[in-house]
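Participant: Before I ask anything, let me first share the structure, which is written out below as structure tokens.
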Amino acid sequence: MKRMRTLYIIGAVLAAIVVGAVFIVASTGLIKIPVITSVFGFDKAPDLGIQTDPALFSGLLTRQGVTLTDHASNYCLKCDITYSNPGLMEASLTSSELSSYLQATNNEKGPLKGIQVRLGDNNQAEMAAYADLREHGYDFSGPVYAAGRIEKAGTGSIRLDVQSAKAGLVPIPEGYRKSAEEALEDTINDQLQKMPGLRIDALDIENGRLNFNGNFPKTASAR
């Protein structure tokens, strides 16, 4: 249960970086990719070389004694989830565990498919996915990528530093990227403040693992 909850919130932060940056740029009309050709492999998510397997997700839930009350897709990044029962948490996650969880819960619903997260060092992380924003009013469907830093800002907040992002093969300009970064940081921290009993004692990414210590809601319910 501890790992699942950490997977969800960190995955949501990483995915928000990608989706938010693409939405902001798409809204300006700067990037339009109405047709992505499969000949060049632009009809699927970029491959960061992370091995994923549904069995990793199932095994994670079994090992941690987690029971989902509904289908896994109802726990997607855009789904309505309620948190409760805060308690102590200490967790350490690999890139494969995080990516397998995000694919199991997001490949059916939401704007992102085939999500991969590659954790590095010094709080650095990369994320790649296939985004389809057509149902959200934007003429974009294609691969997206973002890289940057995620770190603790306070006992109940995080700080983002989006260093690079791409929509398809097109780099997202720094001005738009920074605007997305500021808006996303505010939005994410507002959501964190709504989690009862949340306390971030330590949050870091080192040696390809995400490490979290603190208090976090022990129950996640999809509605």
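The values are calculated or read from the model by the stated rules, or taken from the named source; none is laboratory data. Please read these numbers as outputs of a predicted model, since none were measured by experiment. All Cβ positions, even for glycine, are placed from backbone atoms using ideal geometry, and neighbour counts span all protein chains on display.
Participant: Can you confirm whether E126 is touching a strand residue (DSSP E or B) at 6+ places or on another chain (Cβ under 8 Å), free of Cβ contacts under 8 Å to residues at least 60 places away in the same chain and acidic (D, E)? Write out each step before concluding.
Facilitator: Values: touching a strand residue (DSSP E or B) at 6+ places or on another chain (Cβ under 8 Å): yes; free of Cβ contacts under 8 Å to residues at least 60 places away in the same chain: no; acidic (D, E): yes.
Criteria not met by E126.
Participant: Can I ask one more? Of the numbered conditions (1) crowded, with 21+ Cβ neighbours inside 10 Å; (2) within 16 Å of the chain's Cα centre (by Cα), F140 fails exactly one; give the number of that condition.
Facilitator: Among (1) crowded, with 21+ Cβ neighbours inside 10 Å; (2) within 16 Å of the chain's Cα centre (by Cα), the lone unmet condition for F140 is (2).
Participant: I need a count of the residues in the stretch 148-167 that are of a type outside the set (V, I, T) and surrounded by fewer than 19 Cβ atoms within 10 Å (Cβ to Cβ). Walk me through how you get there before you give the answer.
Facilitator: If we filter the stretch 148-167 for residues that are of a type outside the set (V, I, T), which is where we start, we get 148-149, 151-154, 156-157, 159-161, 163-167.
Cutting the leftovers down to surrounded by fewer than 19 Cβ atoms within 10 Å (Cβ to Cβ) gives us 149, 151-154, 156-157, 159, 161, 163-164.
Total meeting the criteria: 11.
Participant: Filter the stretch 171-221 for residues that are farther than 18 Å from Q124 by Cα and among the basic types (K, R) and give the result.
Facilitator: Correct list: K194, R199, K218.
Participant: Of G208, G214, which residue is touching a residue at least 40 places away in the same chain (Cβ under 8 Å), surrounded by fewer than 18 Cβ atoms within 10 Å (Cβ to Cβ), of a type in the set (G, A, S) and under 17 Å from E90 (Cα atoms)?
Facilitator: Numbers: G214 fails: surrounded by fewer than 18 Cβ atoms within 10 Å (Cβ to Cβ).
After applying the criteria, what remains is G208.
Participant: I'd like to check something: does the stretch 160-170 contain any residue that is within 16 Å of M89 (Cα to Cα) and either at pLDDT below 85 or within 18 Å of the chain's Cα centre (by Cα) (or both)? Quick ask: steps written out before the conclusion?
Facilitator: Taking the stretch 160-170 as the starting set, the residues that turn out to be within 16 Å of M89 (Cα to Cα) are none.
Within the stretch 160-170, not a single residue is within 16 Å of M89 (Cα to Cα) and either at pLDDT below 85 or within 18 Å of the chain's Cα centre (by Cα) (or both).
Participant: Taking L77 as the residue in question, decide whether it is in a loop (DSSP other than H, G, I, E, B), at pLDDT below 75, in contact with a helix residue (DSSP H, G or I) (Cβ under 8 Å, 6 or more places away or on another chain) and crowded, with 20+ Cβ neighbours inside 10 Å. So that I can check it myself, show each step before the final result.
Facilitator: On the way: in a loop (DSSP other than H, G, I, E, B): yes; at pLDDT below 75: yes; in contact with a helix residue (DSSP H, G or I) (Cβ under 8 Å, 6 or more places away or on another chain): yes; crowded, with 20+ Cβ neighbours inside 10 Å: yes.
It is true that L77 is in a loop (DSSP other than H, G, I, E, B), at pLDDT below 75, in contact with a helix residue (DSSP H, G or I) (Cβ under 8 Å, 6 or more places away or on another chain) and crowded, with 20+ Cβ neighbours inside 10 Å.
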